[in-house]
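Read through the structure below, which is laid out as structure tokens, and then see the notes.
The values are calculated or read from the model by the stated rules, or taken from the named source; none is laboratory data. Here the structure is a predicted model, which means the values were calculated and not measured. Because the Cβ atoms are built from the backbone with ideal geometry, glycine has one as well, and the counts that use them run over all protein chains shown. Ligands, DNA and RNA are excluded from the accessible area calculation, which covers all protein heavy atoms including side chains. Shrake-Rupley method; radii C 1.70, N 1.55, O 1.52, S 1.80 Å.
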Amino acid sequence: MKLEDIFAGESKNLEFKESLPVKSSKYMKTIVAFANGQGGKLIIGVEDDTKKIVGIDKNEAFKIMDAIANAISDSCKPAIIPDIYMQTVNEATVIIVDIEAGRQRPYYLAAEGLQHGVYVRVAGTTRPADEAMVKELLFEGNNRFFDKTVCLGLQVSEADIEKLCFDMKQVALRNCRSDEERALVKDVTPKQLLSWGILTEYEGKLVPTNAYAILTGADILHCTFQCAVFKDNERVIFVDRREFMGAVQDIIEDAYQFVLRNIHLGAVIEGLYRQDVYEIPPAAIRELIINAAVHRSYLDNGNIQVAIFDNRLEITSPGKLPLGQTIEKMREGYSKVRNEALAMAFSYMHLIERWGTGMLRIAKMIREAGLGELEILGGETELRFNIYRKQATEQVCKTEQASEEKAGQGAGQASEIDTKAGQGAGQASEIDIKAGQALESEEIILVDFLAKNPRSNIREIAQKLVLSKSAVDRLIKKLKTKKIIERVGTSQKGYWKVLN
């Protein structure tokens, strides 16, 4: 084995010991943690601090290997089968204990029991697993899904179930891209919810699962988005913050709109028309937020966090990576479902695709926007995605400058393009300037849409702009109050008039 092979991999998967500890408990916790995680190697004969290879006495090698095998057999439950072998590195002999990711989780120290003896790896160290982590490992070990288990304490009626069926269909229709897609959307029935695992049968009755609670925003199960804008690049000074609770499919939209309100919005000129351009592709933002919601651990009491800094957008979801998933596999497009019932519901509502292409698509959009690579961090207790903003800001400014020059040459007129977008709530358009007041980014989008589609109703607006009906209603009320738009005629036969 080459020297570089010894140190290959992440520190969370490697542990070094200069010699075999007299007390097996000093390394047995690490063995258990490797089995509960993605596997790992314990290497005997390497100094932990300096990584200097000191080797072991060859005459003692087989004795040491037997001692390790016996300690693992006696100390760990369920049984862990290690691969123990010798390797020569720089003329020194080391012993490598190779532990694979276990399938009978959770693994624990027999002497400490299941309640206290479960260990995991966090940032290259071995730590006791908390209660939520132990439950997560139990579900993995039994090949079960938390979201498909009965939600204890939640009572629902037939009317409640019918309302969820109706609401899910409305979300699906809103997320369709064309009339052809909308025509293919079928009604959701209680039988369908049962097949997905959103309902389950208990004592001859249909009862709700945890997925039902998540999709309806029931207080009995924790589901919250924390969104914030921070000054500079550290979590120190808040500029703005919001907390969204409720049905997961609704608060996804709330978090998405929060980001759009607080990132740069520039513009380009295409022919005679102005086209708004966000510094980060909105589709990538939305998919990352949806990904955080469908793949997070709902056993963990933590919240999904969406944080906007001067240099990046950061989206964090609680819970370790599920068994069989790694960050490397994720980058390659491999998808591992943690919440199967939610995934089925999200697929029906056109929130996700079921082919695991989302991460590849997000990464491609970010690269094409000039933002470099999507950064993926963590995976041990939480998963974090970072999109860096600096390159995007520079590119937007260059694009806007080129567009102004093109517009001046081709149409003989200047375009009002505001590039001072970094202050929290999007840009002012020509409409804003005439009205003498600033509009938020989604208000600008709605005004532009109504100017081009004055006879659109609320449902059509929501579908085209990928918003909820309640969000459209809220925006229209704001624009009416600001005297930017008015409704002429009835709700059925009238039209929208842009006043300024």
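Once the whole set of protein chains is in place, how much accessible area is left on Cys223, using a 1.4 Å probe, in Å² to the nearest 10?
That residue has around 20 Å² of solvent-accessible surface.
How far apart, in nm, are two points set 7 Å out from the Cα along the Cα-to-Cβ line at Arg144 and at Lys58?
That separation, rounded to one decimal, is 5.3 nm.
Assuming 0.36 nm per residue, please report the length gained on full extension of the stretch Gln170 to Glu373 beyond their Cα-Cα distance.
On the way: separation 203, 0.36 × 203 = 73.08 nm, distance 3.48 nm.
Full extension of this stretch gives 69.6 nm more.
Subtracting the Cα-Cα distance from 0.36 nm times the residue separation, let me have the gained length for Arg361 to Ala69 in nm, one decimal.
Contour length minus the Cα-Cα distance gives 100.6 nm.
Filter the trypsin sites (Lys or Arg not before Pro) in the range 439-500 down to the DSSP loop ones having no more than 12 other Cβ atoms within 10 Å, then list what survives.
Arg455, Lys483, Lys493
Keeping every protein chain present and rolling a 1.4 Å probe, give me the accessible area per residue for the range 247-381 in Å².
Spelled out: the 1.4 Å probe surface of the range 247-381, per residue, equals 36 Å².
Taking Cα centroids, how far is the range 27-55 from the range 184-241 in Å?
39
Roughly how large, in nm² to one decimal, is the mean projection of the convex hull of the alpha-carbon atoms in the range 113-199?
The orientation-averaged projected area of the Cα hull of the range 113-199 comes to 9.5 nm².
What does the accessible area of Leu152 come to, in Å² to the nearest 10, when a probe of 1.4 Å is used?
In the full protein context, Leu152 sits at about 140 Å².
What is the distance, in nm, between label points placed 7 Å from the Cα along the Cα-to-Cβ direction at Asn13 and at Lys186?
4.2
What is the percent carbon and sulfur in the accessible area of the range 301-343, measuring with a 1.4 Å probe over the protein chains and ignoring ligands?
Carbon and sulfur: 44 percent of the exposed surface of the range 301-343.
For the range 177-246, which GluC sites (Glu not before Pro) are both in a DSSP coil and crowded by at most 12 other Cβ atoms within 10 Å?
Working: sites: Glu180, Glu181, Glu201, Glu203, Glu234, Glu243; in loops: Glu203, Glu234.
Of the GluC sites (Glu not before Pro), the ones in loops of the range 177-246 whose Cβ has at most 12 other Cβ atoms within 10 Å are Glu203, Glu234.
With a 1.4 Å probe and all protein chains kept in place, how much accessible area does His222 have, in Å² rounded to the nearest 10?
70
Note down the net charge around Gln104, summing +1 for each Lys or Arg and -1 for each Asp or Glu among other residues with Cβ under 13 Å from its Cβ.
Taking every Cβ under 13 Å from that of Gln104, the sum is +1.
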